[in-house]
Amino acid sequence: MWEPKSLPGNVTIICENVRMEVTSNLHAALKALRHSKETQTFWIDAVCINQGDDHEKGTQIPLMKHIYGKAERVILWLGPSDRMTGSAFDKFKLLAILWAFRAANGAKEECSKEEFERFVIQDISELDDKTIFDLPDKQMWMSGPSAVQRGAMEYCDLSPVNDLRGSKAFEFERVQLWQAVDDIFANPFFSRAWIIQEVSVARTAHIQCGRSWVTWEIFRSAYNARQLLQLCEPAKYNDPSATSLAVSTVRDARKRFWNDEFCTDLAGAMTLFSFSKAKDPRDYIYAALGLIKHSSRPNRIVPDYTKDVSEVYLEAASHMILERKDLYLWGLNDPPGTKTVPNLPTWVPDWSMESEAGDLTFPGDFVIDGRRLRVNAHLLDTICLVTDIVDDDEPRELIKENLSQFMPPSMSNEALFVTKAGYFGRCPKGVAKIGHHVAIIGGAFRPYLLEKQPEGFYHFVSYAYVEGLMEMRALGPDMTLTRIEIR
């Protein structure tokens, strides 16, 4: 059970005639969920698993995927409500209708920047289109296209809660209301490592705050629609460090899990946890195990909380390399001096490092369509100068005097490039050309060079070392994300 900062401390409850301490947040959830007349059965990990018993955790953790997968519904408790919660959840339903309208006209969660901009709403008059609120069966909502596959046909009433229609129904003038909407999307709950597994495997999932709730599919659709609303101010959160990117990670993990075409191995599953948080660093590995399809499940890895963190990471890394026969996991590897887990071999990643404390990275929201890869990226700049420098070249000494930390001992196999904005970079010799884009690609953990084609998509060129970027921890406020296609 997640513990928000607003509800510290514990409360004593009686469970089956036994007094036990639970967090204040769990106590608030139980009060909100209890029924005045009917008996309800809940499975709550904080109660049903003895968190202080490593042996019991090791035997119970492997069962969690099946428990959440077979539950009638999984409740994602965000905490108690406030005065804006009910109105914010009403807006989720309105946003979901808007997304359904856009999706019916071709909008997709994964698309190019050009395709995305076709559906962006920049003028409030676009919301006065009567057909937005005239969809068939608009008052009911099925729980997603995979509902039949999950055996979970679920409906939610989307009937209007007031007489407002068109653009007026969105009430953009209510600044605090939209602040509440954005704060819920940015709730740190969604960055928890175990949430990725719990939402992914659930047949049905509900987002609940106080007594207000919506299905996950409505919440996901509302999140998508919020990205299209550029006529109002960009999201501003009460917590300056907050971000809604975790929602997209959970969204994509759930879609991947229920897509039979995906056969995720452990290395692939770990990429979904690059931006998550866990109290126990071993949970990054153990939570990821639940996302692996049976055909590739690493049966040799069994949760064991008596093992040291470094031992767990070594076991996982060894399995990934032997299973894949490549070094894909090095995309998450950090310089040895930056790792926080002691006694790790240099070739084993430290999966406990949070993105803001490690390399510059953000979710890629990857989509592969045949030979096409669609991904989030920040196109930093374009190259305006490229020069090869050999060890005995005179200009090398001049460069060393000014960029000694930037230059390696030998550059006989590398080239130096400069961008229009003045960034210096290194890359393999013979690959960079004037006009190439220097890009920061979601999930890639380092800068890359891309070549834009006349048709608008990009070709991958090479990795790159760019002075001033390698130590960045997050994108700057003026660095915008673009949806690109690489072939």
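The values are calculated or read from the model by the stated rules, or taken from the named source; none is laboratory data. Predicted model only: the values in this text are computed from it and were never measured. No Cβ is skipped: glycine too gets one built from the backbone with ideal geometry, and neighbour counts run over all protein chains shown. With ligands, DNA and RNA removed, areas are computed over all heavy atoms of the protein, side chains included. Shrake-Rupley method; radii C 1.70, N 1.55, O 1.52, S 1.80 Å.
Brief remarks follow.
- Count - residues of region 429-452 that are farther than 10 Å from Y465 by Cα and open to solvent by 30 Å² or more (accessible area, probe 1.4 Å): 10
- Pairing residues of region 254-265 that are within 16 Å of I196 (Cα to Cα) with residues that are crowded, with 20+ Cβ neighbours inside 10 Å and modelled with pLDDT under 85, at Cβ distances under 7 Å and at least 6 apart in sequence or on separate chains, gives R256/T264.
- Being within 21 Å of V199 (Cβ to Cβ), touching a helix residue (DSSP H, G or I) at 6+ places or on another chain (Cβ under 9 Å), among the β-branched types (V, I, T) and without any contact (Cβ under 8 Å) to a residue 24 or more places away in the chain holds for only one residue in I44, I75, I49, and it is I49.
- Cβ-Cβ distances below 9 Å connect the following pairs, each with a first residue in region 447-459 that is free of Cβ contacts under 8 Å to residues at least 40 places away in the same chain and closer than 16 Å to V431 by Cβ, a second residue that is part of a loop (DSSP other than H, G, I, E, B) and of a type in the set (A, V, I, L, M), and a separation of six or more residues or different chains: Y448/A464.
- Taken across region 79-99, residues that are of a type in the set (G, A, S), over 30 Å from W178 (Cα atoms) and open to solvent by less than 40 Å² (accessible area, probe 1.4 Å) do not occur at all.
Rundown of residues vs (1) acidic (D, E); (2) closer than 21 Å to A246 by Cβ; (3) open to solvent by 50 Å² or more (accessible area, probe 1.4 Å); (4) modelled with pLDDT of 90 or more, yes/no style:
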{"residue": "T264", "(1), (2), (3), (4)": "no, yes, no, no"}
{"residue": "S310", "(1), (2), (3), (4)": "no, no, no, yes"}
{"residue": "S318", "(1), (2), (3), (4)": "no, no, no, no"}
{"residue": "I321", "(1), (2), (3), (4)": "no, no, no, no"}
{"residue": "R324", "(1), (2), (3), (4)": "no, no, yes, no"}
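- Some residue of region 47-68 being within 23 Å of R211 (Cβ to Cβ) and open to solvent by 30 Å² or more (accessible area, probe 1.4 Å): yes
Quick grid of which residues meet (1) modelled with pLDDT under 85; (2) under 23 Å from T340 (Cα atoms); (3) surrounded by fewer than 19 Cβ atoms within 10 Å (Cβ to Cβ):
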site	(1), (2), (3)
A193	no, yes, no
V201	no, no, no
C209	no, no, no
A222	no, no, no
A235	yes, no, yes
A253	no, no, no
E261	yes, no, yes
Y286	no, yes, no
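- Subset tally (residues that are open to solvent by less than 20 Å² (accessible area, probe 1.4 Å) and modelled with pLDDT of 65 or more) for region 352-375: 4
- Residues in region 176-191 that are part of a helix (DSSP H, G or I), open to solvent by 20 Å² or more (accessible area, probe 1.4 Å) and within 23 Å of S352 (Cβ to Cβ): P188 only.
- When the residues of region 401-410 are filtered to those that are in a loop (DSSP other than H, G, I, E, B) and open to solvent by 70 Å² or more (accessible area, probe 1.4 Å), the one that is modelled with the lowest pLDDT is S404.
- Unmet requirement for A421, which otherwise passes all of (1) modelled with pLDDT under 75; (2) surrounded by fewer than 15 Cβ atoms within 10 Å (Cβ to Cβ); (3) aliphatic (A, V, I, L, M): (1)
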